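A short worksheet on the structure shown next.
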Amino acid sequence: MKWFTAFWLSLLAVSVSAETTDIYQPDSLVAGVTEQQDISRRLGSWGVGVGQVARERLPAMNQFNVSGRYFAGERWYVLAGLQLSEFSDELITADNGEVLVKKDVTAVTATTGLGYQLMQGSASFSGNSTYPWQLGTEAYVGEQYTGDSSGRYLGIGISWQLLVDDYWLALEWKSFQVDDKALQQADIDKGMQWGISFGSFY
């Protein structure tokens with residue numbers, strides 16, 4: 001009887017020793033990224049746009065522009081742009097009959113400038129998805145060529161951008177003046193413009 005009891009005790013000891021136990025060993029995690037990981041970074045944006053220019057004492061005319069931005073900081077960005085616009089469909093003359101601006105002249109404006117992002121937020125159109133937006137104030141300096149004359153272009157404006165993945169859509173407004181003697185003589189050297197632009201990031 002003793003040998004029977006010893007046999008079962010030894011069998012139980014073998015079965016207990018054969019059991020295994022899982023040991024929890026958590027992985028060590030490190031904040032940040034490794035050198036091999038590719039980080040997507042937006043350096044700036046480019047775009048095209050259409051709108052209208054309303055100069056003093058003249059009807060609003062159509063305009064087309066190409067623009068680019070370079071992000072110089074968290075909120076600052078550098079601007080560059082080229083704009084083509086119809087100036088007037090009528091001959092503009094001085095009181096003495098001198099021709100100041102010919103009929104159907106195209107005004108060409110090349111500018112550079114600086115922008116600052118004032119506000120950020122998000123917008124939803126369907127209630128299911130939201131898109132970020134940003135509101136910026138901008139200052140421009142450049143040169144405007146109007147037929148046979150030209151002058152320094154100065155402007156300030158506001159741009160509201162809606163961001164959709166790698167693309168953007170903007171509503172823009174600006175006030176400007178041109179230091180052109182011919183336009184100043186005709187009192188048409190100031191004005192406002194508004195439009196819509198769209199483009200992508202690079």
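We did not get these values from a lab; they are worked out from the coordinates using the rules stated. On a predicted model such as this, the values are computed, not experimentally measured, just so you know. Using ideal geometry, Cβ is built from the backbone for each residue, glycine included, and neighbour counts are taken over all protein chains shown.
General observations
- Whole-Hz ³J(HN,Hα) from phi, Karplus 6.51 cos²θ - 1.76 cosθ + 1.60, for region 193-199, glycine and proline x: 8, 9, x, 10, 10, 8, x
- Along its principal axes, region 99-152 has C-alpha extents of 58, 24, 12 angstrom, given from the largest down.
- Rounded to the nearest 20, the Cβ-based charge dipole of region 29-158 about its Cα centre (Lys and Arg +1, Asp and Glu -1) stands at 400 debye.
- Packing-based order for 184-193, 73-82, using average beta carbon neighbours within 10 Å, highest first: 184-193, 73-82
- Rel. contact order, % - alpha carbon contacts under 8 angstrom, at least six apart, region 94-137: 31
- Amide H contacts of ASP180 (H built 1.01 Å from N, in plane; Pro and chain starts excluded): no residue 5 or more places away or on another chain comes under 5 Å.
- A simple spin-label model places pseudo-atoms 7 Å from Cα toward Cβ; at GLN184 and ARG57 they are separated by 1.5 nm.
- Square roots of five times the Cα gyration tensor eigenvalues for region 104-202, Å: 34, 13, 12
- If you look at the Cα atoms of region 43-90, you get an Rg and a Dmax of 14.3, 46 Å.
- Using the Karplus relation 6.51 cos²θ - 1.76 cosθ + 1.60 with θ = phi - 60°, the per-residue 3J(HN,Hα) values for region 103-118 come to 6, 6, 7, 9, 8, 10, 10, 10, 9, 9, x, 9, x, 9, 7, 7 Hz, with x marking Gly and Pro.
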